[in-house]
Amino acid sequence: MAELTTLESPGLDFKRRLKVDLFPTIWCPGCGIGTIMIQLAMVLDEMGLDETNTILVTGIGCTGRMGSYMKHESVYTLHGRTLPVAEAIKTVRPEMNVIVVSGDGDTASIGGNHLIHTVRRNARLTVLCNNNEIYGLTGGQTGPTTPTATRTLSSPGGNPNSPINLQGLIRSSSHAMYAKTTVYHQLHMRNVIREAIEHDGFSFVDITSQCIENNGRRIGFASANEMLTFYRKTYKRAPKGARQLAPFEIGVLYPDGHPSAGDGAAASTETGSAGTAAARGAAPGPAPVREKAPVSDEEKARRRAESQKRLALMARLDAAVKLDVATGKISLADALLAAGIDPDAAP
Ligand SMILES: Cc1ncc(C[n+]2csc(CCOP(=O)(O)OP(=O)(O)O)c2C)c(N)n1
Ligand code: SF4
Ligand SMILES: [Mg+2]
């Protein structure tokens, strides 16, 4: 049986990963966090990951509220302490998939020391960092990824400091995978979240997203839509084969020697946070290139059916085997064979 790997047509099945009865969420209208949650739910659903094999760990901040809206066991840790908690869970329950969802402040400021050492130890975790370049929850103070010169609640004259170089920090480990994406580039985000979960080592997805209320309006954006348009016009896919992402490039950087290394990014000597505010005055780039050719309705229906069949088959596997399939350790076909399940027989 051919291996089924589509991600393009998830349908609405991902809703089963969400506590929709708790909606509307606490997040401001137009906040980027909800988009990240939907994309994560889609990936989990596509991969067949559920509460039996996947745990979420979140920190304090607007981003940290995500755990309460998802149908997974989740730990709402102290501010800055997601990583030691996540690593402890992974240590005692290595068969579980552990996904950290945290803000840029939580991850790189108060949690920065943990980040250095979790990367160094190559903990088998995936971090989704909602990088809104601000302390959102507390009203919009300067954070570690706030670009230089950005006006914030705590730096009304403009941030005098340089943002932390997350890419460089993560890539200081020879094992870690680093991906950059944005809330505008939803298909790209979905694909890199999946790749990060599949990565056998520490993986970090740095997601530029909008905090319209406590950052965007202060730096001149009238709406969340304006911020998304800015991401669309400014961020470009990195060329294939490079080993570093330039500012405003999205892509994936794998460890050296990884089969996919060299597929993701552009060569550049510049690093660090690209900077929403700093780039506001820059001339807009050329019109963005579509991420993929349009897909016909027939093709979408075929992929949806394929995806549903995969999910139905995944549901018949033990949780541990399901996790191995979802993270690419074995193929679905091999797992079914080992379990004595005929993929073409009715369940
Ligand atoms: C130990 C501790 N220090 C400080 C705070 C106050 N605090 C709560 S959230 C937060 C920053 C949130 O920013 P970020 O992590 O980027 O998350 P966002 O709200 O932007 O999603 C701070 C400083 C706290 N709750 N606990
Ligand atoms: S304050 Fe900012 S990050 Fe927090 S919910 Fe509102 S828009 Fe989102
Ligand atoms: Mg933040």
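Key figures
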{"item": "The range 201-228 residues that are farther than 22 Å from LEU187 by Cα, paired with ones that are among the hydroxyl-bearing types (Ser, Thr, Tyr) and within 11 Å of ligand 2 (Cβ to nearest atom) (beta carbon under 8 Å, 6 or more apart)", "result": "ASN214/TYR135"}
{"item": "Residue pairs meeting the criteria (Cβ under 7 Å; at least 6 apart or on separate chains; first more than 20 Å from MET189 (Cβ to Cβ), in the range 41-55; second of a type in the set (S, T, N, Q) and at pLDDT 95 or above)", "result": "ASN53/ASN97; ILE55/SER74"}
{"item": "Odd one out for ARG316 among (1) modelled with pLDDT of 70 or more; (2) of a type outside the set (Asp, Glu); (3) surrounded by 15 or more Cβ atoms within 10 Å (Cβ to Cβ)", "result": "(3)"}
{"item": "Residues of the range 125-151 that turn out to be assigned to a loop (DSSP other than H, G, I, E, B), touching a Gly at 6+ places or on another chain (Cβ under 6 Å) and within 12 Å of ligand 1 (Cβ to nearest atom), as a count", "result": "3"}
{"item": "Test: residue in the range 249-256 that is of a type in the set (D, E, K, R), modelled with pLDDT of 75 or more and crowded, with 20+ Cβ neighbours inside 10 Å", "result": "yes"}
{"item": "Count - residues of the range 177-195 that are crowded, with 23+ Cβ neighbours inside 10 Å and out of contact with any Asp or Glu (no Cβ under 8 Å at 6 or more places or on another chain)", "result": "6"}
{"item": "Extreme residue, farthest from HIS175 (Cα to Cα), among residues of the range 218-235 that are out of contact with any Lys or Arg (no Cβ under 7 Å at 6 or more places or on another chain) and within 15 Å of ligand 1 (Cβ to nearest atom)", "result": "ALA224"}
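The values are calculated or read from the model by the stated rules, or taken from the named source; none is laboratory data. Owing to the predicted nature of the structure, the values given are computational and were not obtained by experimental measurement. Ideal geometry is used to build each Cβ from the backbone, glycine not excepted, and the neighbour counts take in all protein chains shown.
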